[in-house]
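A short worksheet on the structure shown next.
The values are calculated or read from the model by the stated rules, or taken from the named source; none is laboratory data. The structure displayed is predicted, hence computed values, not measured ones. No Cβ is skipped: glycine too gets one built from the backbone with ideal geometry, and neighbour counts run over all protein chains shown.
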Amino acid sequence: MHTTGPASAGITRLDTDIFLSEWRLVGPGLAALIVCLAYRMRPSRARIQEFLQCWLGLEISVGTLHAALHESGAAVLPVEDELVEAVQSSGLLHMDETSWRELNTLLWLWVFCGQGVVVYWIASRGSELLINVLGSAFQGWLMSDGWQVYRYYHKRLRCWVHLLRKAEGLKDSLDITARLFGEQTLVLLDTLIKAVYAARERPPDQALSITYQGALSDYRYACEVMSASATHTKAHALAMKMLNGWDAIFQALAHPHLPLTNNETKRALRHWVILRSICHGTRTEDGTRILAILISVIETCRVRQQSPWIYLAAVIRQTRDGLSAPGLPLVKGI
């Protein structure tokens, strides 16, 4: 299996040529700046060279830029175990994935958004990464889309945005049966969304699942009828999604404080999806691994309201001195 996950999660580490060294030209602060420019600001390597030459009077080759990125990634690799532990201890974890290319190999960029932690791995698309990272240690709620590998966890939440979007599409169908099913889905979900938000403000007199038991029963019957019909493909698919994810979808009725959407991961992926469109992925296993660990450190520091660049420079400085990498900074104010 091709993956860039942590050894502590039962995933094989890559054999890399990444090394740490004391450079005369690229100090810790400059290395952190190069990481910032490459991964946060997203200019091309030529533009980074231009910036460094114009503003700092430094003429740095593309090879040196790559070496600085790789050394920075190697320096923070030891904190990967700490990131995994933060993911596993989260009471609520958002997960999602999007495609990523490593030269000619199609992989997936996975994101895990927990409490004060955002971690990325680039790996094959399957259940192995999910199971290896979370294993039995994760006991919290898992928010995801409807992909079947997520069904491994019983304490699972289903994002409603996808369901609303699919139901909205059916509402304009020329097939009257599909259109009515789409409208029924929208009415039910809209009603339940309002009820959940109201329950967050003031707990209801009885559980929402009891209050809307009749409506849910009628809708489940409609889903079963539609799932048995193949006359309209999209309506059939939506009915199957609702039935397969029924418990995860309607967990919010018993736990209205839990989220209804997976927007957390959409925001966490957006920046890197733009980077993907610019660089068209990575070229080597080492480059893939370095990207994953560096952007994990960057985003985790950002959600903790700490400067990733100050932290990264400190890590490089200490590892060059032969010292252990400092732990990730705590949430600001703690």
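Quick notes on this structure:
- Residue in region 87-106 that is in contact with a Gly (Cβ under 6 Å, 6 or more places away or on another chain), part of a helix (DSSP H, G or I) and either surrounded by fewer than 21 Cβ atoms within 10 Å (Cβ to Cβ) or modelled with pLDDT of 95 or more (or both) present: yes
- Qualifying residues in region 50-67 (those that are of a type in the set (Val, Ile, Thr) and touching a residue at least 24 places away in the same chain (Cβ under 8 Å)) - the one surrounded by the fewest Cβ atoms within 10 Å (Cβ to Cβ): 64
For every residue, the table says whether it meets (1) closer than 29 Å to residue 92 by Cβ; (2) of a type in the set (Val, Ile, Thr).
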position: 183; (1), (2): no, no
position: 205; (1), (2): yes, no
position: 238; (1), (2): yes, no
position: 245; (1), (2): yes, no
position: 249; (1), (2): yes, yes
position: 284; (1), (2): no, yes
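- So residue 142, is it assigned by TED's automatic domain parsing to the domain that holds residue 239, surrounded by 15 or more Cβ atoms within 10 Å (Cβ to Cβ) and not polar (S, T, N, Q): no
- Condition check for residue 29: closer than 19 Å to residue 309 by Cα, at pLDDT 95 or above and touching an Asp or Glu at 6+ places or on another chain (Cβ under 9 Å): no
- Scanning region 307-334 for residues that are polar (S, T, N, Q), in contact (Cβ under 8 Å) with a residue 12 or more places away in the chain and surrounded by fewer than 16 Cβ atoms within 10 Å (Cβ to Cβ) returns a single hit, 324.
- Members of region 73-109 that are over 18 Å from the mean Cα position of the chain (by Cα) and touching a residue at least 60 places away in the same chain (Cβ under 8 Å): 73, 74, 75, 76, 77, 78, 79, 102, 103, 105
- Entirely in region 149-262, the helices (runs of 4 or more DSSP H) that have 1 or more residues that are among the β-branched types (Val, Ile, Thr) and surrounded by fewer than 15 Cβ atoms within 10 Å (Cβ to Cβ): 160-170, 176-201, 208-211, 213-227, 233-244
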